[in-house]
Amino acid sequence: MSVDLKIVENKQMIAPPKTSASLWDWVRNNLFNNWYNTILTFVAGFIIIGIAYNVLSWVLFEAQWTVITNNYRLFMVGRYPLSELWRIWSLLTIVSFMFGLCSGSFKGTILRLSGILAGIYLIHLLAPFTASSSKVWLAVQLAGLVIGFLIALKLPYNKRIAIIGWVITIPLVFFFIHGFGILPEVRTTFWNGLLLTVLLAGVAIILSFPLGVLLALGRTSKLPAIKYFCIGYIELIRAVPLITIFLMAQVLIPLFLPTGLTIDNLLRVMLGATLFTAAYAAENVRGGLQSIPNGQYEAAKAIGLNPFQTTFFIVLPQALRAIIPTIVGQSISMFKDTSLVAIVGLLDLLGIAQSVKSNPEFLGRHMEVYIYIAFVYWVIAYSMSYSSRRIEKSLGVGER
Amino acid sequence: MAQSQSSVEVSPMAKSEETIITCEGINKWFGDMHVLKDVNLTIKKGEVLVILGPSGSGKSTFIRTINGLEPIQKGHIEIDGVSLTHDIKDIEAIRRETGMVFQQFNLFPHMTILKNIMLGPIWVKKKPKAEAEKIARELLERVGIPEQADKYPGQLSGGQQQRVAIARALAMQPEIMLFDEPTSALDPEMIKEVLDVMKELARSGITMLCVTHEMGFAREVADRIVLFDGGEIVETGTPEELFDNPKHERTKLFLSQIL
């Protein structure tokens with residue numbers, strides 16, 4: 001029934017004009033094409049070389065990186081007891097294994113993320129300052145990644161298993177860190193460094209997302225009670241700076257709680273970060289909901305779907321797809337904003353950095369410390385934005 | 001000659017005397033605009049009704065009131081014994097009985113063609129997945145694009161998308177099919193493939209309401225034509241009566257402009 005229109009083949013196809021030029025051509029056309037560009041090129045060249053020379057000579061010869069290497073464990077896990085450190089390594093092994101499993105199942109973006117992770121492990125494995133016991137654990141991480149990957153290749157229904165695996169992994173992470181009476185308890189004040197940063201950001205990002213979706217749906221609801229509650233919540237939270245919320249969580253809430261009842265310090269901060277992010281996530285999701293054309297609702301109604309089904313099968317999948325870049329952007333900023341907890345006295349990566357640089361043994365080494373943690377933040381934030389760009393591209397296939 | 005030809009093809013069982021849609025005194029306003037003025041219409045089971053009219057005449061609004069996409073302010077609609085009220089249960093019952101095809105196709109862009117068609121049978125009719133897939137593949141065969149099952153709507157041409165939309169509506173096994181200008185958004189070379197599917201459907205004995213500008217289609221398959229203008233029904237009749245002997249001045253004017 002389909003009509004095939006064959007376009008008459010054009011026998012004299014003309015090749016497009018050549019645009020690719022050699023490197024020399026490019027340099028001549030863009031950098032030295034007239035006298036003032038030539039001058040600009042030289043001036044800019046000198047400035048760039050000067051900066052690069054100074055930075056490199058500082059990084060390679062002047063900086064004393066022993067402040068980092070001697071305190072590496074502090075930066076990573078802070079005051080987590082040495083005798084219980086195997087728990088952190090074990091949970092990291094599970095996470096590595098899950099990354100491997102997902103890489104084998106989904107390929108694409110997660111595979112590249114695992115590649116970055118493997119690179120980080122490898123650099124630490126080869127670094128001369130790494131303790132030999134840590135080297136063994138790092139090798140275990142790499143093995144976990146590879147084994148997970150190979151298992152996924154052989155496994156049927158590997159995607160479903162990978163997703164279920166993550167759902168199991170998350171409580172397992174907390175079990176290993178905290179102990180919950182089965183393993184010796186490690187109090188939350190000892191969860192420091194990068195461990196705390198990742199944990200805090202992870203909890204806030206993962207929990208705020210479903211909460212944000214609910215708030216956004218509530219805000220677009222026709223029921224006035226729900227609608228105005230959601231509007232009130234979102235607008236109130238968005239009017240308050242995150243640092244205020246952290247201070248309130250830290251100082252105010254204990255004042256209001258009845259005597260005898262205490263909520264763990266870290267838990268309060270996590271709750272604050274989650275509730276804060278949820279309000280922003282809600283507004284992002286609402287933007288996505290508004291991008292769905294009315295025709296989609298009508299088509300869903302016309303085939304008889306109820307409002308619940310319409311929301312979950314038709315509207316949300318499309319809305320969330322449309323806002324992946326914003327959601328990841330927000331996650332990146334949440335990840336960086338966790339450093340504000342250092343101000344309320346928690347020892348996250350930044351908090352540890354501050355205490356390390358005030359150690360008299362390493363006096364005046366603050367440059368090295370801050371550059372190192374900036375680099376750690378950058379690696380993680382860049383991995384997130386890189387994966388967002390890739391996900392966006394891969395979801396573009398077959399859309400509209 | 002053409003007359004006898006078409007009456008052979010429309011099987012006698014298709015048209016019964018049983019009324020399936022009754023519209024009494026329908027009035028609708030958009031704000032202060034009175035867009036439907038006292039519309040009365042009854043449609044018999046198996047009838048193919050084509051609704052014509054200039055743009056802005058209320059014909060699209062009218063067809064959208066039948067499955068409750070546009071609420072009415074006054075009047076009464078009854079479909080297969082169910083009154084269309086504000087009760088969501090009634091509206092959902094009526095939507096299960098009616099399939100609708102839109103001008104802009106409105107396929108779900110994030111699902112494959114097959115999933116688009118299977119969605120209704122699985123979640124509304126609660127059919128097992130295998131059965132729903134069988135229905136979907138049969139319908140794709142019927143509309144002539146079985147090979148597109150695993151593609152996404154964005155990868156199909158307009159004509160193919162509209163045929164998928166028809167298959168999606170048919171998957172609910174409706175008693176009534178509503179077409180809201182199904183070919184208006186299509187490139188000229190794709191109109192025919194959609195009209196061919198609709199003609200085949202008209203002959204199958206399903207009740208059809210079709211808002212369209214395709215006069216050839218109206219003349220060929222309609223049992224009855226209704227002309228809308230200014231929110232009212234101006235004239236009703238068989239294609240022969242309406243096209244060859246229009247009674248009303250406004251019908252004559254409309255036909256002179258369009259033919």
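Taking Cα atoms only, the orientation of helix B:113-123 departs from the longest principal axis of chain B by about 80 degrees. Going by Cα centres, region A:219-245 and region B:201-230 are how many Å apart? With region A:219-245 and region B:201-230 each reduced to a Cα centre, they are spaced 51 Å.
The mean number of Cβ atoms from other chains found within 10 Å of a Cβ in peptide B:102-109 is 5, as a whole number. Computed from Cα positions, the angle between helix B:158-170 and the longest principal axis of chain B comes to roughly 90 degrees.
Membrane-span-like helices of chain A, defined as complete DSSP H segments with a Cα extent of 20 Å or more along the helix axis and a mean Kyte hydropathy of at least -1.0, are identified as A:35-57, A:85-106, A:108-126, A:132-154, A:158-178, A:193-219, A:224-238, A:265-290, A:366-395. When only the Cβ of Lys, Arg, Asp and Glu is charged (+1, +1, -1, -1), the dipole of the protein assembly as shown relative to its Cα centre reaches about 2340 debye. Among A:151-161, A:48-58, the peptide with the highest mean count of other Cβ atoms within 10 Å heads the list, and the full ranking is A:151-161, A:48-58. When the helices of the protein assembly as shown are scored as -39500 (n - 2.57) per DSSP H run of n ≥ 4 and the total is divided over every residue, the value at 222 nm lands at -18000 deg cm²/dmol.
Ranked by the mean number of other Cβ atoms within 10 Å per residue, highest first, peptides A:32-38, B:105-111, B:65-71 order as B:105-111, B:65-71, A:32-38. All C-alpha pair distances within the protein assembly as shown, sorted into 20 Å bins from zero, spread as 14, 35, 28, 19, 4, 0 percent across the bins.
Pairs of Lys residues in chain A, spaced 8 or more positions apart or belonging to different chains, with C-alpha separations under 17 angstrom: 4 in total. Proximity of backbone amide H atoms, modeled 1.01 Å from N, is registered between A:Ala63 and no other residue at under 5 Å, excluding neighbours fewer than 5 places apart on the same chain. Computed on region A:190-400, with alpha-carbon pairs under 8 angstrom and 6+ residues apart, the relative contact order is 28 percent.
Set against the 2.2 N^0.38 Å expectation for a compact globular protein, region A:82-185 has a Cα radius of gyration ratio of 1.13. Ordering A:Val240, A:Ser331, A:Ala273 by the projection of their Cα atoms onto the charge dipole of chain A, which places +1 on the Cβ of Lys and Arg and -1 on the Cβ of Asp and Glu, puts A:Ser331 at the extreme positive end.
Can you tally the net charge around A:Val186? Count Lys and Arg as +1, Asp and Glu as -1, for every other residue whose Cβ sits under 12 Å from the Cβ of A:Val186. Charge balance near A:Val186 sits at +1.
Which FRET efficiency, nearest 0.05, do A:Thr130 and A:Arg160 yield, Cβ-Cβ r, R0 51 Å? Efficiency for this residue pair is about 0.85. Put simply, the amide H of B:Met177, placed in the peptide plane, has neighbours under 5 Å in B:Gly99, B:Thr207, B:Met208, B:Leu209, leaving out anything fewer than 5 places away on its chain. Protection proxy ranking for A:318-327, A:373-382, using the average of other Cβ atoms within 10 Å per residue and placing the highest first: A:318-327, A:373-382. Normalised by the number of residues in chain A, the average gap of Cα pairs under 8 Å and 6 or more apart makes the relative contact order 18 percent. Farthest toward the positive end of the dipole of the protein assembly as shown, out of A:Phe42, A:Trp24, A:Trp191, is the Cα of A:Trp191, where the dipole comes from beta carbon charges about the Cα centre.
Determine the sum of side-chain charges near A:Phe246: Lys and Arg each +1, Asp and Glu each -1, restricted to other residues whose C-beta is under 13 angstrom from that of A:Phe246. List each step's numbers first, then the result.
Details: positive: A:Arg268; negative: A:Asp337, A:Asp348.
Here the charged neighbours net out to -1.
Given Cα positions, please report Rg to Rh for region A:190-400, the hydrodynamic radius being the Kirkwood one. Rg divided by Rh gives 1.06. For B:Lys37, the lysines whose Cα falls under 19 Å of its own Cα, not counting residues fewer than eight places away in the same chain, are B:Lys28, B:Lys59, B:Lys74. Partner shielding of A:287-297 amounts to 2, given as the average count of beta-carbon atoms from other chains within 10 Å of each residue beta-carbon.
Residues considered: A:Ser22, A:Ser114, A:Ser388. Largest GNM mean-square fluctuation over chain A, using C-alpha springs under 10 Å, is found at A:Ser22.
Between region A:254-310 and region A:120-179, the alpha-carbon centres lie 31 Å apart. With a 10 Å cut-off around each Cβ of B:82-94, the average count of Cβ atoms from other chains is 1. Between the Cα long axis of helix B:129-142 and the first principal axis of chain B there is an angle of about 50°, rounded to the nearest 10. Taking a point 7 angstrom from the Cα of B:Thr42 along the C-beta vector, which residues in region B:187-225 have backbone N less than 19 Å away? Taking a point 7 Å out along Cα→Cβ of B:Thr42, the residues of region B:187-225 whose backbone N falls under 19 Å are B:207-209, B:223-225.
Computed from the coordinates by the stated procedures, all read-outs in this text should not be read as laboratory data. Fair warning: this is a prediction, and the values are worked out from it, not measured in the lab. Note that each Cβ is placed from the backbone with ideal geometry, even for glycine, and that neighbours are counted across all protein chains shown.
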